[in-house]
Amino acid sequence: MRNTIEMVMGAVVLIIAGAFLWLALSITSFQHGESITVEAVFGKIGDLKTGDDVRISGIAIGRVTDTRLDPDVFEARVVMAIDPTYAIPDDSVVRVSSTSLLGGSHIDIVPGISMDVIAESHVFYNTLDPVNLTDMIGKAIFTDGNSGQ
């Protein structure tokens, strides 16, 4: 009797785990199929890491595949795999954005107006570094209203 209950409970746990896996895969809009590899150059990237989303208008269109420091100029380089079905203008702005107040980051692409689109190995130089909330709070607290007088 006890073995039967343990088997049933084990099966229930496996079914629930499978349901969560299916849900996670169905929610993710970017599939790891064909993609183009592009880079973006930043002064700093905050807590951005490999595997974070690349988004346009909140929709995931790719993933961060690598982050590294350029040893010559000490700039952060972010390598991304992007779905090639999206014709992203080459003058687009790329920024590191916070996913939520609890943490996490993603790359946000703000499309430009150029008729030329990105291709394999494109490098974005028009980038915005992440805003550090702690620095902003510190400036607000320790800056008096009479600055400049």
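Read-outs throughout are calculated quantities, based only on the coordinates presented, and are distinct from any laboratory measurement. No experiment lies behind these values; they were computed from the predicted model shown. All Cβ positions, even for glycine, are placed from backbone atoms using ideal geometry, and neighbour counts span all protein chains on display.
Against the chain, whose longest principal axis comes from its Cα atoms, helix 133-142 is set at around 50 degrees. Here the spin labels are modelled as points 7 Å beyond Cα on the Cα-Cβ line, and at Ser121 and Leu133 they lie 4.0 nm apart. Other residues with beta-carbon under 12 Å from the beta-carbon of Ser35 carry, at +1 per Lys or Arg and -1 per Asp or Glu, a net charge of -2.
Whole-Hz Karplus values for segment 59-72 come out as 9, 5, 10, x, 9, 6, 9, 6, 10, 8, 9, 6, x, 7 Hz, taken residue by residue from phi with 6.51 cos²θ - 1.76 cosθ + 1.60 and θ = phi - 60°; glycine and proline positions read x.
Round to the nearest 0.05 the FRET efficiency obtained for Asp47 and Met7 when R0 = 41 Å and r is the Cβ-Cβ distance. Step by step, r from the Cβ atoms, then E = 0.45.
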